[in-house]
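What follows is a short report on a single structure.
A short reminder: the numbers here are calculations on the coordinates, not readings from a lab. These numbers were taken from a predicted model, which means no experiment stands behind them. No Cβ is skipped: glycine too gets one built from the backbone with ideal geometry, and neighbour counts run over all protein chains shown.
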Amino acid sequence: MRPGSIISDSLLRLTIGLGKLFARLPYPLLFKLGRGLGWLLYWSTPKRRHIARVNLELCFPERTPAQID
């Protein structure tokens, strides 16, 4: 058995289990969970947020900052 395979197997099983759990949840709850996760990731990654903003400004120079937000 190679090193790390137990962790990889456990992570795979956890991911599959979460996928099966989410598949059983109603759509309104999934929507709320998705919004919450998106909000958390948006505010926890300022560097990525800055990169995305710069990319949007470069791709759409005719847009105002308010339209990009």
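Using the Cα centre of region 11-69 as origin and beta-carbon charges of +1 (Lys, Arg) and -1 (Asp, Glu), tell me which of 17, 36, 68 is placed farthest towards the positive end of the dipole.
Farthest towards the positive pole: 17.
If a paramagnetic tag sat 7 Å from the Cα of residue 55 along the Cα-Cβ line, which residues of region 5-38 would have the backbone N under 13 Å from that point?
Those under the cut-off are none; the list is empty.
Using θ = phi - 60° and the Karplus relation 6.51 cos²θ - 1.76 cosθ + 1.60, list the HN-Hα couplings for region 42-47 in order, rounded to whole Hz, with x at every Gly or Pro.
Once θ is set to phi - 60°, the couplings for region 42-47 become 4, 8, 8, 10, x, 5 Hz.
Is there a quick way to get the dipole size of the chain? I mean about its Cα centre, with the Cβ of Lys and Arg at +1 and of Asp and Glu at -1; what is the value in debye to the nearest 20?
About 280 debye.
Compare 33, 41, 56 in a GNM of the chain, Cα atoms joined below 10 Å, and give the one with the largest fluctuation.
Of the options given, 56 has the highest mean-square fluctuation.
Output the 0 to 90 degree angle, nearest 10, between the alpha-carbon long axis of helix 5-24 and the longest principal axis computed from the alpha carbons of the chain.
70
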